[in-house]
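Peer 1: First the structure, then my questions, so here it is.
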Amino acid sequence: MPAVRRETVWPVVLAATITICSGYPAAVPEAGWFQPDKVGHFAAYGALATAIIRHPSLVRWPLLGLWWALPLASLYGLGDEFRQTLNFYRSFDLADWAADTAGAAVAVVLYLRWAWYRRLMETPVWKKRVSPKSNPSEAKLAGQIS
């Protein structure tokens with residue numbers, strides 16, 4: 001059985017989280033013409049598209065990544081909107097799907113065209129610490145010993 005890569009798990013976990021969260025009643029305050037939930041849709045589906053396009057099998061071919069990440073995130077958003085019609089408290093909202101698609105499109109374009117965003121997404125949250133016993137020269141470079 002092949003090992004499951006972390007890069008494959010993250011988009012699935014994010015998609016599952018979106019599905020679970022969208023199953024609950026919406027708690028969006030009335031704010032007049034501005035609908036704050038659209039910002040959440042934009043960000044969540046932008047993160048989903050970024051997680052898809054970062055997959056190592058797609059990084060080698062950026063245009064292929066574009067053609068996979070954008071439609072997958074957008075279609076997932078459409079499917080989630082349809083799934084919400086099964087919930088008594090929720091309904092299909094075309095504006096939500098538009099925010100999902102716009103967030104995915106902006107994230108994919110930023111990832112492909114803006115090196116700062118790409119570096120930010122590729123920066124590890126926790127860096128591995130070098131053990132002083134394993135290699136003293138690397139530990140000295142890391143600033144752990146003097």
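The values are calculated or read from the model by the stated rules, or taken from the named source; none is laboratory data. None of these values were measured; they are calculated from a predicted model. With ideal geometry, Cβ positions are generated from the backbone for all residues, glycine too; neighbour counts draw on all protein chains shown.
Peer 1: Tally up the residues in region 69-86 that are over 19 Å from T50 (Cα atoms) and among the acidic types (D, E), please.
Peer 2: 1
Peer 1: Considering only helices (runs of 4 or more DSSP H) fully contained in region 1-84, which possess at least 1 residues that are at pLDDT 75 or above and surrounded by fewer than 18 Cβ atoms within 10 Å (Cβ to Cβ)?
Peer 2: In region 1-84, 6-21, 37-53, 62-84 are the helices (runs of 4 or more DSSP H) which contain 1 or more residues that are at pLDDT 75 or above and surrounded by fewer than 18 Cβ atoms within 10 Å (Cβ to Cβ).
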